[in-house]
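Please read the structure below before turning to the comments.
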C-alpha cells in the first residue's frame, strides 16, 4: 500500500506544484497547505480502496476516482497556467466541448502531457489494485481525512471563504429587490421595445487581445507601442477605464463593451449556460442598434467562432457577416500559415483592408469589428513578418510591439481612404492581460487599466472620469453621432454623463449580483418558458373592442382591424398574474403611423383602468416588435391594449404572454 501511496503522491503532486508555481499569489503557506491536502487525499483514497475486496468493484471505484481527481488537479493546473488563479466563473464559462476542443488544439502539448500523465496514474492503480491488503479503517478516520483534504486545499478553502463573505451582498430574486438608484443601474434597459435609430458615422472597432494601457507607458516599456501612444495623443483617449467582474476574459470584455452589462450569469458548472439561452439575445447591444439604423456589419477575428460561444453571440446580435479562422483561412495565399489560435494579426489586418473597401463601396453605413489574437497569453505569438521589440527579449512584448505596428498600418490605410471622413475608429482592450511571461516586468505600484482611444471623432478633450467597459457602448454610439433612445443596464455615455466615482467601489459586489440576476432572467431566453396567453389561440368573440375599432378580422394567427377614432382599444380574455411571476408580453404590430402602444392592467385593489397602471412602447411606421415586462404586476382581470391614438389600419401578427 505504501508503494502505491508514494507513487500516487508523486504523480498527483506534479500538477499541484505546477499550479502553485504559476499562481500570481506566490504564498508559501498555500504551497504547504496544498501538499498536506494532497497527502490526506492520497491516504484517504488508498484506505477506501483497501476496504473493498479485490475484483471489479475495486477496479471500477479506483479508476473512476483516479480519473476524477486527475481531471480536478489538471483543471486546477490549467486555470493557474492560463489565468494565474484558481478555478472561477471565467474558467467554467469555457467548459463546453467546442471551446475545450479549440483550447486543446492551441495547447496540444499540454493535451499530450495530460494523456501521458493519466496513463501513468491508471497504470499505477492497475498494478497495485490486487496487491492491497484488505483493511477496515474506522469510518471516523476516513471522515477526518476527507475533511482535512478538503479544508487544506487552498483553492477550495478560498472559494468557500469568498462564498461565505459574499452572503453580505444582495442576491435579488425579483426586480423589486434591485436598488436601481443606489447601484446606478438603468431599469429602462429592460424595455426591449423598438424605437427609431438614425445612422451616424461608420464604425471600425478593434478589440486588442489583452493589450492594456500598461504597455503604452513609455517609462515602463519605452518605444513598445509608438502607434498606440501616438493615437492616444491625437485622438479621444480615456485614461481610467477599469476592468470589473464579468469582463476579465475575451467574451466578457466584448459583451461588457457592446452591451453595457457584465457577462455574469448563473454560477456553478453551468457557468456557460448563457451560450445555450440565446447569449443575452434579449439585451440591446451596440450592433442591434446599428442594425436598426441600416448598418452593414462584419466581424473578423483570427480565432475560431466556435471558441467561447463567439459565433452564437454575433448571430444573436445582428452581425450580417461573422468570419473566424475557418472562414478566413481559405482566403490566405497560404492557408496553412496559421498560429496556435488561428490567423496571425498580420493576415487578419490584410483581409480587413479588403473588407473595409468592400463595405465602404456599398454606400451604406457600416460597422467593421476586429479581434486580434497574437498577444494571447501566456506567451504570445507575433506575426512572422514583424520585427522584434529591441528593448527587451520577451515573446509577449514582441507580440504587443507587432500588433501595435499592424494597427498603425491599418489606421494609416484608412486615413488615406475616401471613407475616412465618415468613419470613427475605436481601439480598445478586450480585457487586462492575464498571466503571461511578461508579468514579472509589471511594476507593483502601477494601477492597471484598459486602453481606449477613439480617432476621427471631432473630440479632443480628455475626460478624467472613472469608467468601466459597460460605459463604452453608449459612449461609442455618441461618438458616432447615432441618434437612438435605448438604455444600457450599467453604462452611460462618457461624453456628458456622471459616472462611477472612487467611492462607488463599495457597491461593486451588489451591482454584480443584480447584473447576474437580470442577465439570467431577463436578458436570456429560457427553455422552460410557459405560454400563459396567445392571440393565436383566441377566438374573436373572446375579445372585446371599443367603439373606435372596426373591421376586425382574424388573419392567420393574428388580428387585422381599423381604428376610426382617437380611443381604440382591445380587451384580452381574463388573466391572473402573481407578483412573483416572471412574465413578459411579446407583441408584433404593424401600423401606418408612429404612435405609442399602451397596456393597461387592472389589479385587485383597482379593478378599473388608469394611467397609474400602464406600460408604454413607442411604435414607428411599419413593423414593430415590442416586449413588456409584467414581472412585478399583480394583474387580476382583463388586460387592455391601446394600439395608438391615430386612425388607420393595424395588424397584430403576434401577441403572447409568457412566464419563466
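The values are calculated or read from the model by the stated rules, or taken from the named source; none is laboratory data. Bear in mind the structure is a predicted one, so any value in this text is a computation, not a measurement. Note that each Cβ is placed from the backbone with ideal geometry, even for glycine, and that neighbours are counted across all protein chains shown.
Any residue at all in the stretch 156-176 that is assigned to a helix (DSSP H, G or I), at pLDDT 90 or above, touching a helix residue (DSSP H, G or I) at 6+ places or on another chain (Cβ under 9 Å) and within 30 Å of residue 616 (Cβ to Cβ)?
Step one: list which residues in the stretch 156-176 are assigned to a helix (DSSP H, G or I), which gives 156-168, 175-176.
After this cut, where a residue has to be at pLDDT 90 or above as well, the list is none.
Within the stretch 156-176 (the criterion being assigned to a helix (DSSP H, G or I), at pLDDT 90 or above, touching a helix residue (DSSP H, G or I) at 6+ places or on another chain (Cβ under 9 Å) and within 30 Å of residue 616 (Cβ to Cβ)), the answer is no, since none of the residues qualifies.
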Point to revise | Check on residue 23, at pLDDT below 90, more than 23 Å from residue 147 (Cβ to Cβ) and surrounded by 15 or more Cβ atoms within 10 Å (Cβ to Cβ) | key: yes
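From the list 134, 143, 103, 68, exactly one residue is in a helix (DSSP H, G or I) and in contact (Cβ under 8 Å) with a residue 12 or more places away in the chain. Which is it?
On the way: 134 fails: in a helix (DSSP H, G or I); 143 fails: in contact (Cβ under 8 Å) with a residue 12 or more places away in the chain; 68 fails: in contact (Cβ under 8 Å) with a residue 12 or more places away in the chain.
Result of the check over 134, 143, 103, 68: 103.
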Selection from the stretch 545-554 of residues touching a strand residue (DSSP E or B) at 6+ places or on another chain (Cβ under 7 Å) and either touching a residue at least 40 places away in the same chain (Cβ under 8 Å) or assigned to a loop (DSSP other than H, G, I, E, B) (or both) yields 548
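Taking the stretch 579-600, which residues are assigned to a loop (DSSP other than H, G, I, E, B), within 35 Å of the chain's Cα centre (by Cα) and at pLDDT 85 or above?
Keep residues of the stretch 579-600 that are assigned to a loop (DSSP other than H, G, I, E, B), which gives 579-582, 592-594.
From what is left, the residues that are within 35 Å of the chain's Cα centre (by Cα) are 579-582, 594.
Across the stretch 579-600, the qualifying residue is only 594.
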So for the stretch 520-528 (the condition being at pLDDT 90 or above, surrounded by 12 or more Cβ atoms within 10 Å (Cβ to Cβ) and over 30 Å from residue 203 (Cα atoms)), does at least one residue qualify? no
- prompt: Does residue 421 qualify as being part of a helix (DSSP H, G or I) and exposed (fewer than 15 other Cβ atoms within 10 Å of the Cβ)?
  reply: yes
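Listed here are the residues, each with its yes/no results for (1) closer than 30 Å to residue 83 by Cβ; (2) surrounded by fewer than 23 Cβ atoms within 10 Å (Cβ to Cβ); (3) touching a helix residue (DSSP H, G or I) at 6+ places or on another chain (Cβ under 9 Å); (4) not assigned by TED's automatic domain parsing to the domain that holds residue 376.
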position: 391; (1), (2), (3), (4): yes, yes, yes, no
position: 403; (1), (2), (3), (4): yes, no, yes, no
position: 417; (1), (2), (3), (4): no, yes, yes, no
position: 441; (1), (2), (3), (4): yes, yes, yes, no
position: 464; (1), (2), (3), (4): no, yes, no, no
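Which residue, of 492, 512, is farther than 21 Å from residue 238 by Cα, assigned by TED's automatic domain parsing to the domain that holds residue 258 and at pLDDT below 95? Working first, answer last.
Details: 492 fails: farther than 21 Å from residue 238 by Cα.
The conditions single out 512.
Which residue out of 86, 92, 81 is in a loop (DSSP other than H, G, I, E, B), surrounded by 13 or more Cβ atoms within 10 Å (Cβ to Cβ) and within 23 Å of the chain's Cα centre (by Cα)?
Only one candidate passes the filter, namely 86.
Which one is nearest to the chain's Cα centre (by Cα) among residues in the stretch 313-343 that are part of a loop (DSSP other than H, G, I, E, B), in contact (Cβ under 8 Å) with a residue 12 or more places away in the chain and within 17 Å of residue 381 (Cα to Cα)? Break it down into steps so the answer makes sense when it comes.
Taking the stretch 313-343 and keeping what is part of a loop (DSSP other than H, G, I, E, B), we get 317-320, 324, 332-343.
Subsequent filtering for residues that are in contact (Cβ under 8 Å) with a residue 12 or more places away in the chain retains 317-320, 324, 332, 337-343.
Cutting the leftovers down to within 17 Å of residue 381 (Cα to Cα) gives us 337-343.
Numbers: 337: 30, 338: 26, 339: 25, 340: 23, 341: 20, 342: 21, 343: 23 Å.
My answer is 341.
Out of 393, 444, I need the residue that is at pLDDT 95 or above and not in a helix (DSSP H, G or I). Which one?
393
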Flagged in the stretch 557-587 as under 19 Å from residue 623 (Cα atoms) and in contact with a helix residue (DSSP H, G or I) (Cβ under 8 Å, 6 or more places away or on another chain), in numbering order, are 557, 558, 559
- Query: Any residue in the stretch 234-246 that is surrounded by fewer than 18 Cβ atoms within 10 Å (Cβ to Cβ), assigned by TED's automatic domain parsing to the domain that holds residue 310 and out of contact with any strand residue (DSSP E or B) (no Cβ under 8 Å at 6 or more places or on another chain)?
  - Reply: yes
